[in-house]
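Reviewing the structure listed below.
The values are calculated or read from the model by the stated rules, or taken from the named source; none is laboratory data. Keep in mind it's a predicted model, so treat the numbers as computed, not measured. With ideal geometry, Cβ positions are generated from the backbone for all residues, glycine too; neighbour counts draw on all protein chains shown.
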Amino acid sequence: MRRTYKLHLIMPATGPHVYEYVESVTMPPLTLLTLASLTPPNYDIRILDEAIEPVRPGPCDLAAISLIYFTAARAYKLADWYRSRNIPVVMGGPHATLCPGEVAGHCDALAIGEADELWPAILRDFEQGRMSGVYRAESPPDLTRLPPLRYDVIDKTRYDVQNLVQTGRGCPVGCDFCAIPALSGRAARHKTVPQVIREIEDSMRLARGFWRRLVVFSDDNLVSDLRFARELFEALIPLRIWWASQCSIAIALNDSLLDLAVKSGCRGLFIGFETPNQAALDGVHKAYSAARFGEAICKLRARGVFLLGSFLFGLDGDTRDSFRATVEFSLKNRLDFVNYHIVSPAPGTPFFRKLESEGRLLHRRWEHYQENAVFRPSGMTADELQQGQIWAYREFFRAGNIIRRALAYWPSVFRMLLVFFESLRVRRKIFAGIRSKERFLARSPGNEIGP
């Protein structure tokens, strides 16, 4: 009989000074659920996800931590706790892949690349007492061979979004600020449509409450492969679900594809417009035409699709006027919700390398690399960038603007109330984050963001 091991799968979080719409909506940790699905049955799995509560580490046989650059400092503290008690630690995730030399000093085993095919080997070596060093994925895993996710290892009712499903990985676009090409490649890879449908059905069986039929796809661009997208949308129709996803504006500029998406249950889309400034778009190789943004938004609104627009501040080409121009664009086009990001120089991206080569990075304290001005922008000061983002959020979520957005859905009482009350919920979280951010900035010396 095989020995039973206690396994902690851990997802650290960022600090309270981070605020954005996506962070205000909690979702299941797919990375940890994927690892759980690849773990043999002789492991007693405990999921520790700081998106819903602070991690309180405890005794176990093995701890595995997934980290991204802005959660690295927190991840290292957790790893130190386990290792100080002679509990071995495995680290993986984006930061482990992009900065392996740094991460290796904080763990007993390091997984570089997508860990789907590495994890079984790591566990075999652990059981045999020889787990150590670097485990490197030599090629992207075949997603069609992955087992169904283990949704049963979490209490889904603790998350705002209970049904989170990923259909594929990789993105062919290659924007300069995005780490996806370095992590998952430029080629779009997918599970089979039957796999996706099974995961949706498995997830929905454990969901509860009014939103139990809402499914969110975590793909970076659900329509990166049009043939797959059409096959998926056709298969979703019998499920009678509502779904939302991140997409490029390509979905809105293809009428037949958009109509099929809506027929299959599409009710909300997250679209990274990034900026209404075409020169700034061109500067980061975002293959969009800003002149067509308005057309795309009109088509989505005409079909009743709620829209979350995501924008970046601090791109080369941005000036102090960019904040007002972006807010005016958002209000004029009646976006339901927005993310106003300070562009983050993620390690491993062309944007990071450009700033580094030009001496514009202020420091490498990764815990401050999300929603902080950690570089010198070309068209303003770092402080102006920071304060401009705060102003933009406050302006978009002013009470009068929220009321106008909600009233635009009259006479649909459901849509009007949904936008109104969800906006109030998001406003409360974002404004609390802004207050925390301002206290954080008050402790920062000059423009160098840090304690």
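Data table
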quantity: All positions within region 194-243 that are closer than 24 Å to V25 by Cα and either free of Cβ contacts under 8 Å to residues at least 12 places away in the same chain or in contact with an Asp or Glu (Cβ under 7 Å, 6 or more places away or on another chain) (or both); calculated: R205, L206, F210
quantity: Tabulated pairs, region 266-283, first over 28 Å from W243 (Cβ atoms), second part of a strand (DSSP E or B), C-beta under 6 angstrom, 6+ apart or interchain; calculated: A280/D318; G283/D316
quantity: Matching entry among A442, A392 (being more than 21 Å from V305 (Cβ to Cβ), at pLDDT below 85, out of contact with any His (no Cβ under 7 Å at 6 or more places or on another chain) and not β-branched (V, I, T)); calculated: A442
quantity: Residues that are free of Cβ contacts under 8 Å to residues at least 12 places away in the same chain and on the phi > 0 side of the Ramachandran plot, drawn from region 91-146; calculated: G129
quantity: Options A244, A179, A250, A188: the member that is within 17 Å of the chain's Cα centre (by Cα) and at pLDDT below 95; calculated: A179
quantity: F293 being under 30 Å from N372 (Cα atoms), touching a helix residue (DSSP H, G or I) at 6+ places or on another chain (Cβ under 6 Å) and among the hydrophobic types (A, V, I, L, M, F, W, C); calculated: no
quantity: Any hit, region 94-110, residues being in contact with a His (Cβ under 8 Å, 6 or more places away or on another chain) and under 28 Å from R3 (Cβ atoms); calculated: no
quantity: Lone qualifier among D80, D108 - being at pLDDT 95 or above, touching a helix residue (DSSP H, G or I) at 6+ places or on another chain (Cβ under 8 Å) and more than 29 Å from H190 (Cβ to Cβ); calculated: D108
quantity: Breaking point among (1) farther than 21 Å from F311 by Cα; (2) touching a strand residue (DSSP E or B) at 6+ places or on another chain (Cβ under 7 Å), for F420; calculated: (2)
quantity: Helices (runs of 4 or more DSSP H) contained entirely in region 71-169, each with at least 3 residues that are charged (D, E, K, R); calculated: 72-83, 119-127
quantity: Qualifying residue in region 424-435 (condition: under 24 Å from the mean Cα position of the chain (by Cα), over 28 Å from T71 (Cβ atoms) and in the same structural domain as G304 (by TED's automatic domain parsing)); calculated: yes
quantity: Candidate set from region 251-309 (those that are buried (at least 19 other Cβ atoms within 10 Å of the Cβ) and hydroxyl-bearing (S, T, Y)); member that is nearest to D321 (Cα to Cα); calculated: T275
quantity: Hits in region 123-152 - residues which are hydroxyl-bearing (S, T, Y) and under 22 Å from the mean Cα position of the chain (by Cα); calculated: Y151
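Here's the yes/no breakdown for (1) modelled with pLDDT of 85 or more; (2) under 19 Å from the mean Cα position of the chain (by Cα):
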residue	(1), (2)
R2	no, no
T14	no, yes
V18	no, yes
P28	yes, yes
T31	yes, yes
S37	yes, no
Y43	yes, no
R46	yes, no
I52	yes, yes
